[in-house]
Amino acid sequence: MKKAVKIALPFFFSALTFLVVFLVDTTFYSVPRFIRTFWVEREFLIVVGFVLLFFSARQIVVSWGTNYRRYLFLLALSMGGMIVSIVLLQVVSRDYLGLWGRTPLLAEYPFYWNLVSGTSVFLGVLSVGIFVFSLRHLVLISKRVDARVEWILVGIAAVVFSLICIFVEDRYTYEPIKVYRSDLFALVFYAFVAVVSFVVGFQVKIYNTLPRRWRYFYFSMLLVLLSSEAVFPFSRFNFPLISYSGFIHAVFSLFPIFFVFLAVGQYVGWFSSLVTSSRGQEYHIRVLKELRDVMISMKGGDEDRFVGYICELLKSKLKADFFLYRKIGGENFFLSSGISKAPVPLRHFISSIEKIKGSEGQILVVDNVNEELEINTSSVFISALVVPLHARNKTYTAIFCSRNPCFFRFVDIAEIEFFRICFEIVGEIL
């Protein structure tokens, strides 16, 4: 109930704010002097409505939980939904959107123009908000500090540019409105947002969170959205948005730049990871040499000690705590983490994962134990990576855990699988 209120309340007041702007624009349309006199108050109302709608979008994203797949779904839904809804709205009303001289002050049907323009802005702001906060969660999940800093810088640049445009841009004129400004001030902001967006897209490898077969679908979908968003600013469908106000104009001129360069960064990051795969081979060779040295030092004996060494390697790589146990006669015996008996939440977690069909012997990633398995383990951990290990007739299970949701989503499962296979090979020799 509280989540619904947090979404509905700012949404309602934002809709009310945009409704007031619509009524004022329509009522005093034939009195341009009134609109020019109170343009600051109008822009202030629009900013307030924008902030409220962004807050509502944030609550929508939060209410969907912490599953990374939901964030990806919201990204696609927000972008596709925004383009389709705005285009469809204008196609249906195309007979009433005539303008003289490409200026909103000379609309043939002011009521319909203001209605379509205000509705398009409302839907566009809501979609942009959902996209931004969904992507923010993926940036946080990636655990890259530099990407977080760059993300904050893009946000600050967008806010500063949009606020400045309120006073720099003269919307209340009969001159045609251009999509992008050509002065040095605007070009600097455009270039900054483009460069930083590209870097964030390159660093935060969203495609790594997807199974291999889904990556092709992801990049195909990204290509469609990239093409649409690259063309959208220069089409007639974007004009009701950019002509609404100076603040909204700045937002919807920066967002296509942000999205396009973010998507290009994803593609470049993907291609570079394919090209530099040889580095991964060198890393695997180094790990094999380390395992060979460990095997020689042990001189054929202690499997428990060897599996502990493997887990310590993974711990240093993942930067996460772990529990290692071995099942003997139906009971779990813990071999590490300084415990002889697992805490109750961990025992419940182990019992739950053993019941998951098809998970036997498979690496398992759990983004949020509370939501996915309906077990309250927050006192010990929230997300987990389960890695089964086999050696001769012994079966071990390593549970890497973190108090952060989706902590292991950006982990390269192929590397974990490599560690596991190496253990099984060496374990047979020991």
Residue among 54, 13 that alone is surrounded by 14 or more Cβ atoms within 10 Å (Cβ to Cβ), within 29 Å of residue 405 (Cβ to Cβ), modelled with pLDDT of 85 or more and not charged (D, E, K, R):
54
Applying the selection to segment 20-39, what residues are modelled with pLDDT of 80 or more and surrounded by fewer than 17 Cβ atoms within 10 Å (Cβ to Cβ)?
20, 23, 26, 27
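With the structure loaded, tell me whether residue 235 is small (Gly, Ala, Ser) and under 18 Å from residue 83 (Cα atoms) or whether it fails that test. Can you show your working first?
On the way: small (Gly, Ala, Ser): yes; under 18 Å from residue 83 (Cα atoms): yes.
Yes; evaluated as a whole, the condition is true for this residue.
To keep it simple, each residue is scored yes or no on (1) at pLDDT below 70; (2) of a type in the set (A, V, I, L, M); (3) buried (at least 16 other Cβ atoms within 10 Å of the Cβ); (4) assigned to a helix (DSSP H, G or I).
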position	(1), (2), (3), (4)
339	yes, yes, no, no
342	yes, yes, yes, no
350	no, yes, yes, yes
353	no, yes, yes, yes
365	no, yes, yes, no
371	no, no, no, yes
381	no, no, yes, no
385	no, yes, yes, no
For segment 226-250, how many residues meet the condition of being assigned to a helix (DSSP H, G or I), surrounded by fewer than 18 Cβ atoms within 10 Å (Cβ to Cβ) and not basic (Lys, Arg)?
4
Condition first: part of a helix (DSSP H, G or I) and either surrounded by 17 or more Cβ atoms within 10 Å (Cβ to Cβ) or of a type in the set (S, T, N, Q) (or both). Now tell me which residues in segment 200-215 satisfy that.
200, 201, 202, 203, 206, 207, 208, 209
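How many residues, within segment 120-130, are touching a Pro at 6+ places or on another chain (Cβ under 9 Å) and either over 13 Å from residue 50 (Cβ atoms) or of a type in the set (Lys, Arg) (or both)? So that I can check it myself, show each step before the final result.
To start, the set of residues in segment 120-130 that are touching a Pro at 6+ places or on another chain (Cβ under 9 Å) comprises 120-121.
From the residues that got through so far, the ones that are either over 13 Å from residue 50 (Cβ atoms) or of a type in the set (Lys, Arg) (or both) too are 120.
Counting residues in segment 120-130 that are touching a Pro at 6+ places or on another chain (Cβ under 9 Å) and either over 13 Å from residue 50 (Cβ atoms) or of a type in the set (Lys, Arg) (or both) gives 1.
Among the residues of segment 65-75, is there at least one that is on the phi > 0 side of the Ramachandran plot, outside any helix (DSSP H, G or I) and either surrounded by fewer than 20 Cβ atoms within 10 Å (Cβ to Cβ) or at pLDDT 85 or above (or both)? Please lay out each step first, then the result.
Step one: filter segment 65-75 for residues on the phi > 0 side of the Ramachandran plot, giving 65.
Adding the requirement that they be outside any helix (DSSP H, G or I) leaves 65.
Subsequent filtering for residues that are either surrounded by fewer than 20 Cβ atoms within 10 Å (Cβ to Cβ) or at pLDDT 85 or above (or both) retains 65.
The answer is yes; a qualifying residue exists.
Within segment 76-96, can you find the residues that are farther than 17 Å from residue 128 by Cβ and modelled with pLDDT of 80 or more? Explain how you work it out, then say what you get.
Start the filter on segment 76-96 by keeping residues that are farther than 17 Å from residue 128 by Cβ, which leaves 88, 90-96.
None; the set is empty.
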Answer with yes or no whether residue 245 is touching an Asp or Glu at 6+ places or on another chain (Cβ under 9 Å) and either charged (D, E, K, R) or under 20 Å from residue 89 (Cβ atoms) (or both).
yes
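The values are calculated or read from the model by the stated rules, or taken from the named source; none is laboratory data. None of the values given here were measured: they were computed from a predicted structure. As a convention, Cβ positions derive from the backbone with ideal geometry for all residues, glycine included, and neighbour counts pool all protein chains shown.
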